[in-house]
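Just below is one structure, and these are the notes that go with it.
The values are calculated or read from the model by the stated rules, or taken from the named source; none is laboratory data. Model, not experiment: these values are computed from the prediction. Reconstructed Cβ throughout: ideal geometry from the backbone, glycine too, with neighbour counts over all protein chains shown. Keep in mind that these areas ignore ligands, DNA and RNA; they rest on the heavy atoms of the full protein, side chains included. Shrake-Rupley method; radii C 1.70, N 1.55, O 1.52, S 1.80 Å.
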Amino acid sequence: MATNRTFTMLKPDSLEKGNTGAILEKINAAGFKIVAMKQTQMSQVDAEAFYAVHNERPFFGELVEYMTRGPIIAAILEKENAVEDFRTLIGATNPEEAAEGTIRKLYAASIGENAVHGSDSDENAAIEGAFHFSGRDIF
Ligand code: ATP
Ligand code: MG
């Protein structure tokens, strides 16, 4: 995957609250092009693998339960400087610390239920995009 791409998930709370349209509008308005997108639900095995880096953390069980409790929207986004610019658009992990106008400030309830995922490096963007999409589904 090119380094001008990042990977995102609109997490189950965003779908439950009906916030997906508003969040996608912010993503579009910030200049990201959607090159792959789908609604899907992660299994326990999927979520444990996707967040394996956190498997020793005290919140891991809670995180897996949250991410599997309902459908998500997964997408690959393209823009110059995609990874960094998308992290800026979503804001800090904890919505109380997120900047005004960011997606998490607007739509996240707590550090645990924080509305949206954004890859933290080009390498992880490629790994995470490939986790959810095959090459023929990326445009
Ligand atoms: P994401 O990887 O989902 O984009 P992030 O990179 O901002 O989030 P990470 O440190 O990678 O934050 O944590 C992954 C996810 O684990 C967070 O988005 C959140 O849902 C959950 N999480 C992180 N820290 C905590 C915590 N202290 N308590 C509860 N849940 C947490
Ligand atoms: Mg992360």
CD proxy, 222 nm, the chain: helix-only mean residue ellipticity via -39,500 (n - 2.57) per DSSP H run with n ≥ 4, per residue, nearest 500, stands at -11000 deg cm²/dmol
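Convex hull volume of the Cα atoms in region 1-64, per residue, in Å³?
Working: hull volume 8.1 nm³, N = 64.
Hull volume normalised by residue count: 126 Å³.
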For the pair Ile138 and Ala92, the simple spin-label estimate (label points 7 Å beyond Cα toward Cβ) gives in nm 3.2 nm
Taking protein heavy atoms only, a 1.4 Å probe, and rounding to whole percent, the accessible area of the chain owed to carbon and sulfur comes out at 48 percent
Heavy-atom accessible area of Glu113, protein chains in place, probe 1.4 angstrom, given in Å² to nearest 10, is 60 Å²
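Using a probe radius of 1.4 Å on heavy atoms only, what accessible surface per residue do you get for region 5-137? Whole Å² is fine.
About 50 Å² of surface per residue is accessible.
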With all protein chains present and a 1.4 Å probe, the order of Ser14, Ser110 from largest accessible area down is Ser110, Ser14
With all protein chains in place and a 1.4 Å probe, Lys33 shows an accessible area in Å² (nearest 10) of 110 Å²
Note: region 5-137 at 4 °C, 1.567 mPa s; Kirkwood Rh on alpha carbon pairs; Stokes-Einstein D in µm²/s works out to 88 µm²/s
